[in-house]
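Notes follow the structure.
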Amino acid sequence: MQSTCKIVAADFDFIVIGGGSTGASISYYLSGLNGKILMLERGGIAGGNTGKSSALIRTHYSNDLIASMAKYSYKVISDFDAIGFSGFHKTGMIFPFSRSEEELARKNAAMLRDLGLEEEEMHPKEIEKYFPGISLSDFDYVLSEPWSGYADPVAVTNSFIQAAQSRGVSVKTGTNVSSVESNGDIVTVNAGNGKKFTAKKVILATNVWTNMLLSDSGIPKERLLPIGASLHSVIYLKRPASLRGIKPVLWDPPNLAYYKMEGDSLCAVGSLDPAIDKKMVDIGKPIPEEAGYDYIEDYMSRLVSRIPKMGESTIVSSINGLYDMTPDGQAIISPLDYLGLEGVYVCAGLSGHGFKLSPAYGLITSEMVSGINPEKASFDWRTFSPHRFAEGKPIKSKFEEIGTMY
């Protein structure tokens, strides 16, 4: 809230709080501006939920703005050499639909093609060449993105940071931020170790911890952002010999699951269930590091019902991560002056899209804080205002029943 301390000059032009993929991207894009920049991270780079990401890279969305952002982000991550190493693997992705969704999927594919994205149709039987013995039940209409795939989220995040540092950005890890305060001209960032940093502008890229930081900064509960934390599990399996080799990621909307074929022999199984997206957890309590037995049994059953030969696979490990969910499953990107935090901005509530859209989030946020007219910006960040929910203007998806897929 309002500080009683009048600070004459700021230490930095910009401070970015958060060293995940989004904070790293924001730091990188800000580094192209003339300014003194500091990035603060309480742990290590990509040490939070970024490092637990499935890291899928795709452009298949059902909202034209989000699809345009995905198109931009894909171009950055798939051709990353000028920035660093992305570990991008072009495996392709397959998106099947039931007969009842076919018309909607066709219209969506047409929208994506109008954006310059090459959505391809494939016959359901073609999936069998990748997954022998697969059940094609409810796979009546199929779209494919042969150029999509997955990347290495830790490598991308560290590359953004290293590229930003090469342009003069300062990075401090192991620095926990306890609160932020503004006197209207200068923002003070209070670190847990008693240190203070000041900046003209501060960006919160703080994921599920955003409201905790705002609360500790004096924002009352009823004015916090509509961001909650949902627990998402991924199961890693070793595929049987008959299913080894480079294969596309397979989405399975009827089973509300996806199967990421990683490398030559692994399979990562994750959820598309919107009920999981909406089930909030208390981040103040310990979060289990691995998936529960019931979850593993449930999703293994879904996988085997679709690809029976995966019943011969062996479980390697599982991991739990958190999504910073908003009511419409899209980010909040906004100044927070309406909370009395002049000079403070937020990019959070990424709702499971954080890594794959991190280049777009970095670009949007850097343009917002640099004062570019939103109508002339690469993407109009006003769409991501937290006020959209009260105003009845959520960012809509055509496939509301398929979790964070779209």
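Some observations on this one:
- Take the Cα of residue 294, go 7 Å toward its beta carbon, and the backbone nitrogen atoms of segment 224-247 under 18 Å from that spot belong to 230-235.
- Cα-projected label distance for residue 165 with residue 36, points at 7 Å along beta-carbon direction, nm: 2.0 nm
- Hz values of 3J(HN,Hα) by residue in segment 264-271 - Karplus curve (6.51, -1.76, 1.60), Gly and Pro given as x: 8, 9, 9, 9, 9, 10, x, 9
- Rg over Rh for segment 177-330 works out to 1.13, both radii taken from alpha-carbon positions and Rh defined as the Kirkwood radius.
- Of all DSSP bridge pairs formed entirely within the chain, close to 75 percent run antiparallel.
- Among 234, 16, 316: highest mean-square fluctuation, GNM of the chain, C-alpha pairs under 10 Å: 316
- Above-threshold pairs, the threshold being 20 Å between Cα atoms, out of 36/201; 71/396; 172/196; 36/195; 356/376: 356/376
- Two-site FRET efficiency, residue 221 against residue 317, from Cβ-Cβ distance with R₀ of 35 Å, rounded to 0.05: 0.40
- Relative contact order, percent, the chain [alpha-carbon distance under 8 Å, six or more residues apart]: 23 percent
- Whole-Å semi-axes of the ellipsoid equivalent to segment 39-102 (Cα gyration tensor, √5λ, descending): 28, 16, 13
- Distance between the modelled labels on residue 280 and residue 191, one decimal in nanometres: 3.2 nm (7 Å Cα→Cβ projection).
- Given 15 as the ceiling on other Cβ atoms within 10 Å, longest exposed-site-free region of the chain for GluC sites (Glu not before Pro) in DSSP loops: 119-288
- Order of 60, 232, 387 under a 10 Å beta carbon neighbour criterion, fewest first: 387, 60, 232
- Computed lengthening from residue 382 to residue 110, 0.36 nm per intervening residue step minus Cα-Cα distance: 95.3 nm
- You can think of it this way: the chain between residue 123 and residue 337 has 71.8 nm of extra reach, that is 0.36 nm per residue less the Cα-Cα gap.
- The equivalent ellipsoid of the chain has semi-axes of 38, 21, 20 Å, largest first, where each one is the square root of 5 times an eigenvalue of the Cα gyration tensor.
- If you run the Gaussian network model on the chain, springs between alpha carbon atoms under 10 Å, then out of 177, 202, 281 the most flexible one is 281.
- Choice from 319, 66, 364 with maximal GNM fluctuation in the chain (Cα, 10 Å cutoff): 319
- Note on residue 393 and residue 64: their simple-model spin labels are 1.7 nm apart, each label 7 Å out from Cα toward Cβ.
- Over all directions, the projected convex hull of the C-alpha atoms in segment 194-266 averages 9.7 nm² in area.
- Kirkwood Rh, angstrom, segment 279-406 [1 / mean 1/r, Cα pairs]: 17.7 Å
Laboratory data are not the source of any read-out in this text; all were calculated from the coordinates shown. In this text, all values refer to a predicted model and were calculated from it rather than measured experimentally. We place every Cβ from the backbone using ideal geometry, glycine too, and count neighbours over all the protein chains shown.
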